[in-house]
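Presented below is the structure to which this report refers.
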Amino acid sequence: MILIANKEGGPGIEKCAEALRKGTHGLDAMVEGISLVEADPTIRSVGYGGWPNLLGDMEFDAGVMDGTTREVGAVGALKHTYHAVQVARAVMQKLNHVMVTGDGADRLAAEIGLEKVDTLLEHSRDVWQRKLDGILSDDEKANFPDIPLAPLNSTITDPEKVRDTTVYICQDVAKATHAATSTSGWGWKYPGRLGDSPIAGAGYYADSRFGAAACTHTGEMTIRAGTARTIVLAMRLGHTLADAVKLAIEEISELKEGFIAGLVIHAIDTKGNHKVVSYNLDEAAKYWFWTPDMEKPELRTSEVV
């Protein structure tokens with residue numbers, strides 16, 4: 001068994017590891033862990049602690065993939081509960097679809113018993129308001145939100161520079177690999193924006209025959225390159241985990257137009273190997289690592305390319 005998560009996944013990593021040690025199915029264990037992350041207001045890129053879009057609304061995305069069946073469940077632009085990963089799991093278990101968004105996602109959340117709550121943290125609301133007050137003209141303030149939002153997309157940035165989805169990947173006691181993600185997305189994003197977090201093949205992918213991969217930071221890039229799927233497919237074609245990740249980074253580096261920024265790749269194979277690489281970032285990302293022979297998960301430092 002093996003478990004990898006990015007640093008922001010810390011609040012749930014021990015719970016997830018404990019569940020895996022007890023033999024819990026990998027997806028169920030990761031949903032347990034990520035649910036704790038989503039409820040923690042100190043994690044500013046996921047769940048209740050996340051940042052709103054340009055209109056001041058929270059929109060949550062998540063995805064889960066069973067590497068044995070290659071079933072996928074995903075949600076996007078979920079507004080009325082921050083437990084997006086539970087709703088993504090419900091998509092897989094209850095619907096003949098792989099993704100639902102917006103009102104449909106909220107409807108499914110209610111059907112599985114998740115209470116409708118105010119998902120915007122008071123501090124996030126205050127920061128959002130101050131940012132708008134500092135950048136809008138008096139006329140724009142008077143007519144907000146009935147103003148063009150596209151010009152603000154590049155002007156207003158996340159106050160804590162957070163673009164870090166929570167990602168978990170694991171191999172469980174059945175030697176099956178799985179992936180799960182959750183995010184509130186970029187702060188001040190254009191309403192309805194989906195990053196890579198709910199998109200299988202971009203932000204996450206798992207195949208129990210070969211391994212799993214998940215990405216954080218700039219989802220627009222991994223959508224364009226199909227990064228997570230690239231890594232798993234390369235291993236299927238006989239590449240080592242290290243070479244598979246190298247290939248994915250080469251594909252990302254070929255992108256010259258559009259929004260270009262940093263990326264962190266997390267990946268495992270079925271032989272117990274793992275690799276976490278920070279690309280185009282000022283400093284190495286941290287990540288959580290756990291195997292059953294360890295007393296508890298360890299926070300480690302990624303490679304940098």
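Within segment 1-103, which trypsin sites (Lys or Arg not before Pro) sit in a loop by DSSP and count at most 15 neighbouring Cβ atoms inside 10 Å? Answer in residue order: 22, 70. The sum of -39500 (n - 2.57) across all DSSP H runs of n ≥ 4, divided by the residue count of the chain, sets its helix-only mean residue ellipticity at 222 nm to -9500 deg cm²/dmol.
A straight Cα-to-Cα reach below 13 Å connects residue 246 with the aspartates and glutamates 254, 303, residues fewer than 8 places away in its own chain not being considered.
Which one, 25, 1, 56, projects farthest toward the positive side of the charge dipole computed for segment 1-81 from Cβ point charges (K/R +1, D/E -1)? It is 1, whose Cα lies furthest towards the positive end. Springs join every pair of Cα atoms under 10 Å in this Gaussian network model of the chain, and among 86, 171, 129 the largest mean-square fluctuation is at 129.
State the antiparallel share, in %, of DSSP beta bridges confined to the chain, rounding to the nearest 5.
About 90 percent, rounded to the nearest 5.
For segment 59-138, GluC sites (Glu not before Pro) are listed when DSSP marks them as loop and at most 12 other Cβ atoms sit within 10 Å of their Cβ; the list is 115.
Here the residues 235, 30, 65, 92, ranked from fewest to most Cβ neighbours within 10 Å of their Cβ, fall in the order 92, 235, 65, 30. Normalising by residue count, the chain has a Cα convex hull of 122 Å³ per residue. The smallest convex shape that holds all Cα atoms of segment 67-116, its convex hull, gives 65 Å³ per residue.
Candidate cross-link partners of residue 175 among the aspartates and glutamates, defined by an alpha-carbon separation under 15 Å and a same-chain spacing of 8 or more, comprise 28, 66, 207, 269.
Taking the chain as a Gaussian network of alpha-carbon nodes connected by springs under 10 Å, the highest mean-square fluctuation of the residues 112, 252, 268 belongs to 112. Over segment 2-304, Cα pairs under 8 Å with separation of 6+ residues give a relative contact order of 21 percent.
State which entries of 79/189; 79/131; 79/116; 116/189; 79/141; 271/296 exceed 19 angstrom in Cα-Cα distance in the structure shown.
Beyond 19 Å: 79/131; 116/189; 79/141; 271/296.
When 188, 288 are arranged by Cβ crowding within 10 Å, least crowded first, meaning fewest neighbours, the order is 188, 288. Across segment 81-192, C-alpha contacts under 8 Å between residues 6 or more apart give a mean separation that, scaled by the residue count, equals a relative contact order of 22 percent. As a proxy for reagent exposure, ranking 289, 259, 60 by other Cβ atoms within 10 Å from fewest up yields 259, 289, 60.
Only the coordinates and a few stated rules stand behind these numbers; no lab work does. All values reported here derive from a predicted model rather than from experimental measurement. Cβ atoms come from the backbone with ideal geometry, glycine included; neighbour counts cover every protein chain shown.
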